[in-house]
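**Student:** Take a look at the following structure, please.
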């Protein structure tokens, strides 16, 4: 019996020893694993506390001050500077340095913090360490979620465009003297591409610090080749004005300067209002007599109608297609009835089209009381034009008299001379090389006669005597 008990105890001893050995072996494995994990954690630059890095700032998503740290990191990040370089096709380089914050760039703090927390849940410390141990390193850097204020970005971009972009300059013709002129060459313009804003956003997101943009060439509309075809002076129209009327003369010179050198390619339409612009004090025009409701009254830009009339006469004589023209309320002194052209900015315009196969140039000059407009073009396309003006009727101005006590009795004074009425038609005969002559009716105008106003003095009515004006006294009935 004792022998059996001893044999059972002897059998249990190896099992106990084996259990102890396995426990010790497990502890050794855990210690070795911890050592390996610690080693690879150091090699993988993994924070044992689970900290992640956003733009160089350590963020612990489990810490209560993680949002404050993220806000501080975002403010610091907005101070970074982006170098924006614009490369012109001619080799020039224009650049600007601007802070991210000035471009409207910021972080979406809520989404950025959520991104960090998501990464922390997906890759806890022990799993990142295991991955590192197997050669699959997980970067602790988390990219922020960017937000761009498009209004601020476009505002900065608009200001920078004004600094770096240049509009193309058309070729011009400079009139020197009679039948002498020179061609001034054109210049190309440069502009930023339409996707410049997107390129800036991409550069900010990448963090490279540099945004390179290639500018586009903007070709001029009118080149020297267009103007080299011009070799003849087609027509000249002239009207006269008084230099003593300084404000009016100033307005005439200013309007003429706006028109001088205008180039019309084949098919182009000239608009007087578009070329000259508003006739206001702000634009440099002065007050001078203008026609309003048939009367001459002071107004801004008085005198510009003489320029439009001279331009109209030149266009007629050049055989150009008249698109829009309006007469004055009554015939004016500087042009025959039927050949005038009035304009009112925003309401009444003078427009004509270059319906010839070649470019034409308008040369306008106001000097020494002479308003001159020339039309230049190619000799081979010159049209011979004859104008015919037919006066159908001249209506005398009716006289109207008005009594006034401001003049001595019987004295007459003309306040307004009035204007005769006219009914007139204008025709023109156009001859072109190789084509039969064309006779066309241009306009038929009726100028309503304006009355002649005469003031006639009359005596002041005599004052009634005191007896005549005293009120009658009331009488009481006798008792």
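The values are calculated or read from the model by the stated rules, or taken from the named source; none is laboratory data. In this text, all values refer to a predicted model and were calculated from it rather than measured experimentally. Neighbour counts are summed over all protein chains in view; Cβ atoms, including those assigned to glycine, are modelled from backbone coordinates with ideal geometry.
Listed here are the residues, each with its yes/no results for (1) in the same structural domain as residue 178 (by TED's automatic domain parsing); (2) in contact with a helix residue (DSSP H, G or I) (Cβ under 8 Å, 6 or more places away or on another chain); (3) in contact (Cβ under 8 Å) with a residue 24 or more places away in the chain.
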site: 299; (1), (2), (3): no, no, no
site: 305; (1), (2), (3): no, no, yes
site: 343; (1), (2), (3): no, yes, yes
site: 377; (1), (2), (3): no, yes, yes
site: 393; (1), (2), (3): no, no, yes
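For every residue, the table says whether it meets (1) part of a strand (DSSP E or B); (2) on the phi > 0 side of the Ramachandran plot.
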residue	(1), (2)
238	yes, no
243	no, no
247	no, no
250	no, no
281	no, no
284	no, yes
298	yes, no
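**Student:** Report, by residue number, each residue of region 415-433 that is farther than 11 Å from residue 383 by Cα and in a loop (DSSP other than H, G, I, E, B).
**Tutor:** Of everything in region 415-433, those that are farther than 11 Å from residue 383 by Cα and in a loop (DSSP other than H, G, I, E, B) turn out to be 417, 418, 420.
**Student:** With the requirement that a residue be assigned to a loop (DSSP other than H, G, I, E, B) and surrounded by 22 or more Cβ atoms within 10 Å (Cβ to Cβ), what does region 357-372 give you?
**Tutor:** Scanning region 357-372 gives a single hit, 359.
**Student:** Which residues, taken from region 182-234, are buried (at least 17 other Cβ atoms within 10 Å of the Cβ) and free of Cβ contacts under 8 Å to residues at least 40 places away in the same chain?
**Tutor:** Scanning region 182-234 gives 186, 191, 196.
**Student:** OK, next. Being surrounded by 11 or more Cβ atoms within 10 Å (Cβ to Cβ) and part of a strand (DSSP E or B) is the filter; apply it to region 393-402 and report the residue that is modelled with the lowest pLDDT.
**Tutor:** Per the criteria, the residue is 401.
**Student:** Restricting attention to strands (runs of 3 or more DSSP E) lying wholly within region 76-146, give those where 1 or more residues are at pLDDT below 90.
**Tutor:** 105-107
**Student:** Does residue 342 count as farther than 25 Å from residue 177 by Cα and at pLDDT 95 or above?
**Tutor:** Criteria met by residue 342.
**Student:** Go through region 269-287 and give me each residue that's over 19 Å from the mean Cα position of the chain (by Cα) and surrounded by 16 or more Cβ atoms within 10 Å (Cβ to Cβ).
**Tutor:** 270, 272, 279, 285, 286 - these are the residues of region 269-287 that are over 19 Å from the mean Cα position of the chain (by Cα) and surrounded by 16 or more Cβ atoms within 10 Å (Cβ to Cβ).
**Student:** If you don't mind, there's one more thing I want to ask. Show me the strands (runs of 3 or more DSSP E) entirely contained within region 175-227 in which 3 or more residues are closer than 20 Å to residue 95 by Cα, assigned by TED's automatic domain parsing to the domain that holds residue 106 and in contact with a helix residue (DSSP H, G or I) (Cβ under 7 Å, 6 or more places away or on another chain).
**Tutor:** Ranges flagged: 210-214.
**Student:** Working only within region 422-438, note down all residues that are touching a residue at least 40 places away in the same chain (Cβ under 8 Å) and surrounded by 11 or more Cβ atoms within 10 Å (Cβ to Cβ).
**Tutor:** 422, 424, 425, 426, 427, 428, 429, 430, 431, 432
**Student:** Still on this structure: List the pairs whose first member sits in region 281-293 and is modelled with pLDDT under 90, whose second member is assigned to a strand (DSSP E or B), and whose Cβ atoms are under 6 Å apart, counting only residues at least 6 apart or on separate chains?
**Tutor:** That search, which allows pairs on different chains as well, returns 287/298; 287/300; 289/296; 290/299.
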